[in-house]
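**Q** I am attaching a structure below and will ask some questions about it afterwards.
Only the coordinates and a few stated rules stand behind these numbers; no lab work does. Since the structure is predicted, the reported quantities are computational estimates derived from the model, not experimental observations. Here Cβ is always computed from backbone atoms with ideal geometry, including for glycine, and neighbour counts include all displayed protein chains.
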Amino acid sequence: MSDTIIKASGFGKQYGGQFAVQGLDLEVRRGELYGLIGPDGAGKSSLMKAVAGVLSYEQGQLEVFGQLLDSERHAEAIKGRIGLMPQGLGQNLYGDLSIEENVDFFARLRLVPREEAAARKEQLLAITRLAAFRHRPMKQLSGGMKQKLGLVCTLIHAPQLIILDEPTTGVDPVSRRDFWAILATLIAGQGLTALVSTAYMDEASRFTRMSLLHQGSKLAEGSPAQILQRVPGCIVQCRVQPQLSAMQRLAARWPQCEAMGPEIRLFVPEPDQPAARQQVVDVLQGLECQQLDVLDAELEDVFVAMLGGKQTGTTAPDTMAAPAAPGSASQELAIEAKGLVKRFGDFVAVGDVSFQVRQGEIFGLLGANGAGKTTAIKMLTGILPPSSGSGRVAGADMKQAGALIKSRIGYMSQAFSLYLDLSVVENIRLYAGIYGLDRKARDVRLQWILDMAGLHGHENDLAAALPMGLRQRLALGCALVHQPRVLFLDEPTSGVDPLGRRAFWDILFRLSRQDGVAMLVTTHYMSEAEHCDHLALMFAGRVVADASPQQMKQQVLAEAGQLYRVYADNAAALVSPLQAAGFANVSPYGSALHVLTPDVDRLQQVLRGLGVARPPQARPIAMEDVFVQRVSQLEAQSHATGSAA
């Protein structure tokens with residue numbers, strides 16, 4: 001039996017004369033967790049649909065299980081051995097059916113014998129911890145639970161190959177780590193082969209091998225370690241005053257340069273860390289450098305470097321939004337929430353939430369799916385009336401001045417921000433009309449948005465036809481068309497590739513620092529939380545932490561100890577033994593583990609007993625580690641309270 005499950009030779013897919021993928025060679029072996037990484041429009045979904053036998057192709061050859069997919073009949077011959085999970089939360093599920101009814105439906109659809117289906121259903125519901133919720137309708141599930149149910153329905157007929165198109169997009173970090181742990185268990189236990197795409201570059205380190213795709217071609221292929229070797233370099237993270245001047249100097253020398261709250265993070269293509277440090281110190285001569293750390297590069301840094309740094313197509317217009325004095329956050333309050341509560345019948349979606357956002361500040365509202373973030377935003381923006389509590393936004397009382405607030409703020413919602421059947425220019429003109437701009441002001445702002453979002457050449461394209469990154473920048477432009485002083489962004493970069501996210505956050509940074517625009521942002525990308533000046537963490541409808549990213553990190557380090565990365569061939573299999581040995585804060589991180597502990601000597605001793613000779617490496621703690629530790633701790637307390645009750 002051949003070890004090759006998928007083989008593409010010169011593969012090409014064309015849409016209306018335009019190649020989405022061209023000349024692609026790729027091979028996936030039995031038992032691999034193979035990743036497809038790339039920006040929007042790289043060709044990932046086209047390749048995956050062709051492999052699943054649901055999309056024809058025009059160029060080259062594609063073999064799956066040794067079967068050449070050159071006709072519909074041949075494609076049908078292999079579909080029973082494949083499970084496909086399409087992109088989008090719950091896209092392959094039925095909202096009005098319960099968890100169990102969805103699974104039963106897919107079992108019947110796949111002609112699985114009744115007894116076999118029943119046994120497999122119980123096994124998969126147990127692994128995914130969905131058994132206790134089997135009667136809950138799909139539409140009432142959190143994003144993480146929807147994706148786990150989608151995985152169960154994909155696996156119910158025991159496929160040998162599963163194809164997962166961005167399975168964790170829009171899912172919070174705890175649920176994402178849970179999803180990957182479950183997938184790793186299933187692949188190891190059932191001998192599955194998996195072809196997976198992701199928009200989260202931190203997830204790329206989980207793959208056995210992967211291909212980096214760009215504009216339909218393969219940039220590189222190999223294991224995560226091999227890809228990291230392709231562009232040697234390191235990360236320099238520094239805190240310098242004044243920040244804007246430092247950014248301008250560093251970005252002129254190194255294109256991969258981004259603001260992370262009060263800090264600056266840049267990729268220096270110099271593998272020798274002391275030499276990289278000295279290069280940065282030399283460029284910053286004369287400025288006040290308060291802190292400078294040199295770190296290992298991550299896969300996202302290498303991927304962006306391979307694309308030549310920031311290839312975003314955006315420019316930096318002089319007039320960003322409403323005129324304001326340059327600088328960071330002022331003392332003026334832009335948003336103030338006091339004891340906000342929202343009940344839907346007996347269900348408390350938001351309970352006693354209070355926080356403040358200052359003018360010119362980037363404020364992050366974090367939380368797992370269902371924590372109440374979107375509901376809190378809808379109350380502050382006047383979309384939903386609060387059950388109790390009060391708030392002020394842009395100088396107006398949220399209860400009494402809803403129309404005034406809406407005229408003073410910009411809002412990018414999670415679900416709807418654009419009219420997809422209108423062109424770029426038509427969307428901008430529509431929003432300008434909604435906000436009452438006259439023709440002259442509208443034309444000035446239209447040009448500004450085209451410059452800011454890098455949309456020149458796309459003016460007459462339908463919004464639906466734009467890549468996700470461009471679409472989100474257009475939505476941001478429409479939210480800014482009337483020059484608001486306060487901006488609400490609800491998961492604005494969900495599903496956007498790394499290049500698009502970096503371009504988006506570069507715009508937000510300039511809006512904040514140059515023009516004093518206040519922003520409230522929700523996000524599931526914990527690397528984006530690092531960009532915020534201040535954070536509030538919500539859990540079960542309440543704010544459970546309110547501090548800067550650095551303060552949150554210090555609190556976790558003080559409580560749980562130093563962060564260590566553990567490298568091992570069987571890292572995922574070590575989670576349970578380490579937890580049994582008393583290490584509560586351990587979680588998979590790619591092909592390694594992250595462990596928070598005050599006792600590294602004991603950790604090393606336990607690891608030796610488990611056959612791991614390589615010593616754990618101390619690492620700077622990241623916001624994802626903070627989020628996972630805090631939310632996991634709160635979930636454990638909640639379950640313990642519920643059990644006691």
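**Q** Treat each spin label as a single point 7 Å out from the Cα along the C-beta direction, and report the GLN637 to ASP282 distance in nm.
**A** 5.1 nm
**Q** Also: Most exposed first by the Cβ proxy, i.e. fewest other Cβ within 10 Å, how do ASP515, ASP601 rank?
**A** By the 10 Å Cβ count, ascending: ASP601, ASP515.
**Q** Next up: In nm, to one decimal, how far is the modelled label at ASP346 from the one at GLN241, with both set 7 Å along Cα→Cβ?
**A** That separation, rounded to one decimal, is 5.5 nm.
**Q** Between ASP443 and GLN248, what is the FRET efficiency for a Förster distance of 35 Å, r being their Cβ-Cβ separation, to the nearest 0.05?
**A** E(calc), rounded to 0.05, equals 0.70.
**Q** Sticking with this structure for a sec: With everything on Cα atoms, drop me the angle between helix 424-434 and the longest principal axis of the chain, reported from 0 to 90° to the nearest 10.
**A** Value to nearest ten degrees: 50.
**Q** Quick one: which residues, 5+ away or cross-chain, put their amide H under 5 Å from the amide H of GLN14? H built at 1.01 Å from N.
**A** Correct list: ALA20, GLU58.
**Q** Pulled fully out, how much extra length does the chain show between SER142 and ASP293, if you take 0.36 nm times their separation in residues and subtract their Cα-Cα distance?
**A** Length gained between SER142 and ASP293: 50.6 nm.
**Q** On to the next question. Considering Cα pairs under 8 angstrom that are at least six residues apart, work out the relative contact order of the stretch 4-227 and quote it in whole percent.
**A** For the stretch 4-227, the relative contact order is 29 percent.
**Q** Roughly speaking, what is the centre-to-centre gap between the stretch 19-63 and the stretch 268-299 when only Cα atoms are used, to the nearest Å?
**A** Value for the Cα centre distance between the two parts: 39 Å.
**Q** Normalising by the residue count of the chain, find the relative contact order in percent from Cα pairs under 8 Å and 6+ residues apart.
**A** Worked out over the chain, it gives 13 percent.
**Q** For CYS257, CYS153, CYS234, CYS289, what ranking results if the residue with the fewest other Cβ atoms within 10 Å of its Cβ goes first?
**A** CYS289, CYS234, CYS257, CYS153
**Q** Another question, if that's okay. A 25 angstrom limit on the alpha carbon distance is what I want to check against. Which of LYS13/LYS139; LYS121/LYS342; LYS49/LYS373; LYS44/LYS378; LYS13/LYS79; LYS44/LYS553 exceed it?
**A** Too far apart for the 25 Å limit: LYS13/LYS139; LYS121/LYS342; LYS49/LYS373; LYS44/LYS378; LYS44/LYS553.
**Q** Which longest run of the chain has no exposed loop site in it, a site being GluC sites (Glu not before Pro) in a DSSP loop with at most 16 other beta carbons within 10 Å, and the site itself not part of the run?
**A** 59-331
**Q** Rounded, prolate or oblate for the stretch 1-144? Axes are the square roots of the Cα gyration tensor eigenvalues, ordered a ≥ b ≥ c, and the cut-off for rounded is a/c under 1.5.
**A** prolate
**Q** Can you list the chymotrypsin sites (Phe, Trp or Tyr not before Pro) in the stretch 389-496 that are in a DSSP coil and have 14 or fewer other beta carbons within 10 angstrom?
**A** Answer in residue order: PHE416.
**Q** Quick one: grab the alpha carbon gyration tensor of the stretch 232-296, order the square roots of its eigenvalues as a ≥ b ≥ c, and give me rounded if a/c is under 1.5, else prolate or oblate depending on whether a/b is larger than b/c.
**A** Prolate, since a/c reaches 1.5 and a/b exceeds b/c.
**Q** About the Cα centre, and with charges only on the beta carbon of Lys, Arg (+1) and Asp, Glu (-1), how big is the dipole of the stretch 232-296? Nearest 20 debye, please.
**A** It works out to roughly 180 debye.
**Q** A follow-up question, please. So for ILE163, ILE405, ILE621, fewest C-beta neighbours within 10 Å to most, what's the order?
**A** The order, fewest Cβ neighbours first, is ILE621, ILE405, ILE163.
**Q** Quick one: net charge around ARG277, please, counting Lys, Arg +1 and Asp, Glu -1 for every other residue with C-beta under 13 Å from its C-beta.
**A** That sum, taken over residues with Cβ under 13 Å, equals -4.
**Q** Compute the signed sum of charges (Lys and Arg +1, Asp and Glu -1) over the other residues within less than 13 Å, Cβ to Cβ, of ARG445.
**A** Around ARG445, the surrounding residues sum to +1.
**Q** Once you sort the root eigenvalues of the Cα gyration tensor of the chain as a ≥ b ≥ c, which label holds: rounded (a/c under 1.5), prolate (a/b larger than b/c) or oblate (the other case)?
**A** Rounded shape, in that the Cα axes give a/c under 1.5.
**Q** In whole percent, what relative contact order does the stretch 232-296 give with Cα contacts below 8 Å and a gap of six or more residues?
**A** Averaging sequence separation for qualifying contacts and normalising by length gives 51 percent for the stretch 232-296.
**Q** Only bridges whose two residues both fall in the chain count here: according to DSSP, what percent of them are antiparallel, nearest 5?
**A** Here the antiparallel bridges make up roughly 65 percent for the chain.
**Q** Given a Förster distance of 51 angstrom, what is the FRET efficiency for ARG614 paired with LEU111, based on the Cβ-Cβ distance and rounded to 0.05?
**A** Once rounded, the FRET efficiency stands at 0.60.
**Q** Measuring from label point to label point, each 7 Å out along Cα→Cβ, what is the SER9 to GLN550 span in nm?
**A** Spacing of the two 7 Å Cα→Cβ label points: 5.8 nm.
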